[in-house]
Amino acid sequence: MKVVQLLLFTGLLCFYVSVSAESETGQAQLIKQGATTYKSYCASCHGDNAEGASKAGRDISIITDSGGNQPPDLTDEISLYGNQQDSLFRVIKEGIPGTMMPGWQGRIPDDQISNIVMYLQALSSGVPQVTINAMLEGNGEVTNPEQSPYRLVLSDYVSMPVTGNLNSESNTLAQISRMNFIREEPATGRWFIPDLNGPVFILQNKNASPVEYLNFKKIFPAFHDSFGFASGLINIQFDPAYTQNGKFYTIHLEKKHEGSSQPVNGGFTRLNLENYKHTKTIKTPSFEHENEFYGVLVAWKDTDITNNSFEGTAREILRMDMNRHIHPMGALSFNPYSKPGEYDWRVLYVGIGETGSGGFQDKRKLNAQRLNNFAGTILRIIPDIADDSTQSFMSENGQYRIPDDNPFIDIPKARPEIWAYGLRNPHRLIWFKDKVGASHLIAFNIGQVNWEMINIIHRGNNYGYPIYEGTQLMMPEAVIRKGDAVQLPMLVDDDHHSQTIAPAFPVLQYPHMPVIGGDAISGGYVYQGERHPELKNKLIFGDMTTGNIWYSDMDELLAADDNDTNNLANKYSLASDLKMLTEQTYKKRGGTQLPLPGQGVVSGKGRIDLRFGQDSSGEIFIMTKSDGMIRQISEIKTTVKNP
């Protein structure tokens, strides 16, 4: 037995004989702290007793599928991470590149990492887990190190129509309503709510019943909504000049061979499709594999915006094919702070996922790093071909314009529409104006292996995926080191461009683990309302599957926009009864896949499927697909001391 382990064991044995606060040794206290930190940050992967994922029955499917090593037994002397103090400390602090073991430098202080190591070595020296559990407050109860002083009191606002199949065993089809956004119509205050199953509903006010405005399942024969969390009618966004021109934009998913790509009026008799043209598909590199799915961006013009029915025309702006059905074209955003005559007025930002390419172990894996396609990018285009107020040129398909200050215009074979790239799934985009009047584009970016991210998007940035995930290097063989600096090759086709580019990093990230993390970031908004001053200028966001809700201060997020991987913004938990409310309402509304449909790696059985909405007054609303409810924050209770 190693000397350090013997000392630890001896100290703990004394503690075990007399378990009282007075008899705790200094070492026992540190081990106690290490055990608490381990439970919060490490147990979800390595097991409650550090026995490893396999022994704990927690094999991680993505590792199994790729043939990798599961998180190991940390009490084993031949552990993959080593069993010496220095090797364990280094692995916890720096991580292991190319694996799911993240580095916690900058997020767990060094003294707390040392305490974790002491705890692990106590376990490996033979100290019973029950002895260590006796040292933990609440007999081993895990506490949330990020708990804020606030608890959200939620109340029902709107019950959305049932569009799912309540008897289905599908992750998605069993959800009561797959509502995806709340878009407030300019001037009127009506809400337009797209449902992934096909309808666009208009909600006049919270006391009115939602009215079907359009239904994409009826209009587009190739419409696909049955497979994948983001399949179907994905998004709707109003043109900044909507009150004058009646224009808005949508994204939906289609599947090859599922039907014609030419739409029909589908019973919407005032929908004029006479000039609707199928555009040439923009290809995502498939390397001899078949791409079966398409993301389609459509412009609509309603000639009478005063009623609840659509009457007007539709025009296909662009379509792109996809490696898989997941992580499609998803986000649509105009800069709300741009005014007529300014360079960003009516310029559309489009967030596009890597369409599943990052999960392949072939050439497709790097599609989000290739500038010759749209996978894993933010596009910047002008959807109105008649609008030449911004200096621009016509796209190849003649259905949109491209601003001539986009960053990659002068690189041969690069797509000129790209504003930023190297993102896995930037499915939500929002804007924030800082104290000096500068506007910032913020992306909520879903990760794959370890991290969920918030990125502030800048012109020409490469956010690293799949070479990086957040701040963690996943493919060390793919980087170019120049002294202490790390660069990425600028890929266009399959060749390295003569240039390199520095990776850009998130301003906030959270891990795939319980309590302090989750499975997939859901998006959010900066609170600008008046009802809850405690939340003013805080970014409210959450996790899709678990329903965890957090806030982060905008000043801190902006300060973290310095590309320093050790300077990330903090987040703080907002407690609520959302999980309980969602489960109760799902059952009450006839749901059969109890407690909730679907499952996640972190959430386990039952996905809440959380989204957020915001109205023009800045109030934030909570949307849960599984029970089809929109809830408001009716009160905020203060529970503990400020963090």
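The values are calculated or read from the model by the stated rules, or taken from the named source; none is laboratory data. Computed from a predicted model, the values in this text were never measured in an experiment. Every residue, glycine as well, gets a Cβ built from its backbone with ideal geometry; the counts of neighbours run over all protein chains shown. Surface accessibility is based on the protein's heavy atoms, side chains included, excluding ligands, DNA and RNA. Shrake-Rupley method; radii C 1.70, N 1.55, O 1.52, S 1.80 Å.
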Take ILE409, project a point 7 Å from its Cα along the Cβ direction, then tell me which residues of region 370-393 have their backbone nitrogen under 20 Å from it.
-> 371-374, 378-393
Tell me which residues come under 5 Å, amide H to amide H, from SER522 once H is placed; ignore anything under 5 positions away on its chain.
-> GLY542, ASP543, MET544
For the chain, which whole percent of the accessible surface, found with a 1.4 angstrom probe, sits on carbon and sulfur atoms?
-> 49 percent
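In Å, the Kirkwood hydrodynamic radius of region 265-409 over pairs of distinct alpha carbons? Intermediate values should be presented prior to the final figure.
Numbers: mean 1/r = 0.0594 Å⁻¹.
Here the Kirkwood hydrodynamic radius works out to 16.8 Å.
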With the charge dipole of the chain built from beta-carbon charges (+1 for Lys and Arg, -1 for Asp and Glu) about the Cα centre, the Cα from PHE293, ILE92, ILE467 projecting farthest to the positive end belongs to PHE293
What share of all Cα pairs of region 382-538, in percent, falls into each consecutive 10 Å distance bin?
-> 9, 29, 34, 21, 6, 0
At q = 0.21, 0.23 Å⁻¹, what base-10 log of I(q)/I(0) does the Debye formula yield for region 253-313 when every alpha carbon is treated as an equal point scatterer in vacuo?
-> -0.95, -1.06
To the nearest 20 debye, what charge dipole does the chain have about its Cα centre, counting +1 at the Cβ of each Lys and Arg and -1 at the Cβ of each Asp and Glu?
-> 980 debye
Which FRET efficiency, nearest 0.05, do GLU288 and GLN499 yield, Cβ-Cβ r, R0 41 Å?
-> 0.90
May I ask you to derive the relative contact order of the chain, considering only C-alpha pairs under 8 Å and at least 6 residues apart, and to give it as an integer percent?
-> 13 percent
How large is ³J(HN,Hα) for each residue in region 266-281, as worked out from phi by the Karplus curve 6.51 cos²θ - 1.76 cosθ + 1.60 (θ = phi - 60°), to whole Hz, x for Gly and Pro?
-> x, x, 8, 5, 9, 7, 9, 10, 4, 9, 5, 10, 5, 8, 5, 5
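Give me the number: length gained by fully extending ALA438 to ARG589, i.e. 0.36 nm times residue separation minus the C-alpha to C-alpha distance, one decimal in nm. Walk me through the numbers on the way to the answer.
Values: separation 151, 0.36 × 151 = 54.36 nm, distance 4.55 nm.
In short, 49.8 nm is gained.
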Quick P(r) readout (region 481-603; Cα-Cα; 10 Å bins; whole %) gives 11, 28, 27, 21, 10, 3, 0
Taking amide H positions as placed in the peptide plane 1.01 Å from N, state which residues far from ALA420 in sequence (5 or more) or on other chains have amide H under 5 Å from it.
-> ILE378, GLY460
Can you tell me how much longer the chain between GLU342 and SER617 gets when fully stretched, taken as 0.36 nm per residue apart minus their C-alpha distance, in nm with one decimal?
-> 96.6 nm
Partners for LYS256 among aspartates and glutamates (Cα-Cα distance below 15 Å; same-chain residues under 8 apart left out) | ASP225, GLU290, GLU292, ASP321
Spin-label pair THR638/ASN265, simplified geometry with 7 Å Cα→Cβ offset, distance in nm = 6.1 nm
Nearest-20 debye value, region 474-563 charge dipole, Cβ charges on Lys, Arg, Asp, Glu | 200 debye
Gain on full stretching of the segment that runs from ALA559 to GLN204 - 0.36 nm per residue minus C-alpha separation | 123.8 nm
For the chain, projected area of the alpha-carbon convex hull averaged over all directions, nm² | 29.5 nm²
Karplus-derived 3J(HN,Hα) from phi for region 257-262 (6.51 cos²θ - 1.76 cosθ + 1.60, θ = phi - 60°), whole Hz, x at Gly and Pro, runs 6, 8, x, 5, 7, 8
Cα-projected label distance for THR188 with THR243, points at 7 Å along beta-carbon direction, nm = 1.4 nm
Of the options THR279, ILE430, LEU371, report the single residue whose Cα projects farthest towards the positive end of the charge dipole of the chain (beta-carbon charges: Lys, Arg +1; Asp, Glu -1).
-> THR279
Karplus 3J(HN,Hα) series, Hz, for region 421-436 with 6.51 cos²θ - 1.76 cosθ + 1.60 (x for Gly, Pro) | 8, x, 10, 7, 7, x, 7, 9, 10, 9, 10, 9, 9, 7, 5, 9
For region 544-620, what is the relative contact order in percent, using Cα pairs closer than 8 Å and at least 6 residues apart in sequence?
-> 36 percent
Near LYS538, which lysines are there with a Cα under 21 Å away, not counting those fewer than 8 places off in the same chain?
-> LYS433, LYS435, LYS571, LYS637, LYS641
Segments 469-478, 525-534, 602-611, 192-201 sorted - mean Cβ within 10 Å per residue, highest first | 192-201, 602-611, 469-478, 525-534
What is region 221-357's relative contact order, in percent, from Cα pairs under 8 angstrom and six or more apart in sequence?
-> 25 percent
So if R0 is 35 Å, what FRET efficiency would ASN308 and LYS256 give, r being the distance between their Cβ atoms, rounded to the nearest 0.05?
-> 0.55
Ranking LEU441, LEU203, ILE236 by how far each Cα lies towards the positive end of the charge dipole of the chain (+1 on Lys and Arg Cβ, -1 on Asp and Glu Cβ), the top one is LEU203
For PHE201, other-chain or 5+-apart residues with amide H closer than 5 Å (H placed, Pro excluded) are ILE193, ASP195, TYR213
With r defined as the distance between the Cβ atoms of LYS280 and GLU169 and R0 fixed at 41 Å, what FRET efficiency is calculated, to the nearest 0.05?
-> 0.60
On average, how much accessible surface per residue is there in the chain, in Å², for a 1.4 Å probe, leaving out ligands, DNA and RNA?
-> 39 Å²
